[in-house]
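Q: Take a look at this one; I'll ask things after.
What follows draws every value from the coordinates through simple rules; no lab data is involved. Just so it is clear, the structure is predicted and the values come from calculations on it, not from any experiment. Every residue, glycine among them, receives a Cβ derived from its backbone with ideal geometry; neighbour counts consider all protein chains shown.
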Amino acid sequence: MINVSIYEDNQRLSDLLMLLLENTEGFQVVGIHTDCTKVVEEMTIEKPDVIVMDIDMPNSNGIEGVLAVKRVKSEVKVLMHTVFNDERLFECLRHGADGYILKKDSSTMLVSAIRDLMNGGAPMSPEIATLVLKAFRQPIANEYHLTEREKEILELLTHGNSYKMIAAECFISTDTVRRHLQNIYLKLQVQSAPEAVAKALRERLVK
């Protein structure tokens, strides 16, 4: 029996997911939740084998949720089930998501994806797999001619650090951080910090 917890704020969809899984041999839904605020506590009580998780939820979203799950219990499989096929994909994978399928995919694919996870697979929608393969073919950081300092600052930026925090970490002034970032933007051909972070994650320019 595969125990599944569902994190989905659309009640109609969560009801459909529960109906699908409860009527499929070998599955049991052990919990349904509308956000990830108490995901660690709920996971401890429900003991799911797989968590089916949306991204866009109120209070605490799926990106925060997968990170919380993997920090506490890495063996629990997390399958992202969402409408998003953008940079959030790479953020989820970076945080430890085990699979990623789109809500427009068939119910058969969802069931197959959960079974695949339990067999050690990493299921993805064909559309998502294509994006991941494209990301692997993108230029690496050195092809943008980033200096070691610029790569360090870019990595700190992707981790959510402010200019002041980056300056403290690198033992430089905030003005120097700004100058480095302007050079980074120029080399990456972006206009802002969010664009730089998105490109760095999408093209795997940072660790």
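Q: Amide H of F27: which non-local residues (sequence gap of 5 or more, or other chain) have their own amide H closer than 5 Å, using H built in the peptide plane?
A: So F27 has HN proximity to I2.
Q: For a quick check: sort I51, I63 by the number of other beta carbons within 10 angstrom, fewest at the front.
A: With the fewest neighbours first, I51, I63 line up as I63, I51.
Q: Can you tell me the FRET efficiency between L20 and K47 if r is taken as the Cβ-Cβ distance and R0 is 22 Å, rounded to the nearest 0.05?
A: So the FRET efficiency works out to roughly 0.60.
Q: Now a separate question. Would you list Y144, Y185, Y7 from fewest to most Cβ contacts within 10 Å?
A: Sorted ascending by nearby Cβ count, the order is Y185, Y144, Y7.
Q: What does the charge count near D56 come to, summing +1 for each Lys or Arg and -1 for each Asp or Glu among other residues with Cβ under 12 Å from its Cβ?
A: So the surrounding residues net to -4.
Q: Then there is this: Which ordering of D116, D86 is given by a fewest-first count of other beta-carbon atoms within 10 Å?
A: Placing the least packed residue first, the sequence is D86, D116.
Q: Right, another one. For an R0 of 45 angstrom, estimate the FRET efficiency from the Cβ-Cβ distance between S106 and R149 and round to the nearest 0.05. Intermediate results must be reported in sequence, preceding the final value.
A: Details: r = 48 Å, r/R0 = 1.07.
The calculated FRET efficiency here is 0.40.
Q: Then there is this: What does the charge dipole of the chain about its Cα centre add up to, to the nearest 20 debye, if the Cβ of each Lys and Arg holds +1 and the Cβ of each Asp and Glu holds -1?
A: So the dipole magnitude of the chain works out to roughly 720 debye.
Q: I want to check the label-to-label distance for E169 and Q189. Put each point 7 Å from Cα in the C-beta direction and report it in nm to one decimal.
A: Output for this residue pair reads 2.7 nm.
Q: What pairs in K38/K73; K134/K199; K73/K103; K47/K77 have C-alpha atoms more than 19 Å from each other?
A: K73/K103
Q: Regarding the chain, what are the three Cα extents along the principal axes, ordered largest first, in Å?
A: The Cα atoms of the chain stretch 59, 33, 28 Å along the principal axes, largest first.
Q: Right, here's the next one. Compute the relative contact order of segment 2-136 as a whole-number percentage, counting only Cα pairs closer than 8 Å that sit 6 or more residues apart in sequence. Walk me through the numbers before you get to the answer.
A: Numbers: 222 pairs, mean separation 26.9, N = 135.
Answer for segment 2-136 is 20 percent.
Q: Under the Karplus relation 6.51 cos²θ - 1.76 cosθ + 1.60, θ = phi - 60°, what is the ordered set of whole-Hz ³J(HN,Hα) values for segment 67-73, x standing for Gly and Pro?
A: Here the 3J(HN,Hα) series is 5, 5, 4, 5, 5, 9, 9 Hz.
Q: Let me ask something else. What nm distance separates the two modelled labels at L13 and V83, each placed 7 Å from Cα along Cα→Cβ?
A: It is 0.7 nm.
Q: Roughly how many Å is it from the Cα centre of segment 24-71 to that of segment 112-134, as a whole number?
A: Rounded to whole Å, the Cα centres lie 19 Å apart.
Q: Within the chain, which is the longest segment containing none of the GluC sites (Glu not before Pro) that sit in a DSSP loop and have at most 10 other Cβ atoms within 10 Å?
A: With a cap of 10 other Cβ atoms within 10 Å, the longest stretch comes to 76-207.
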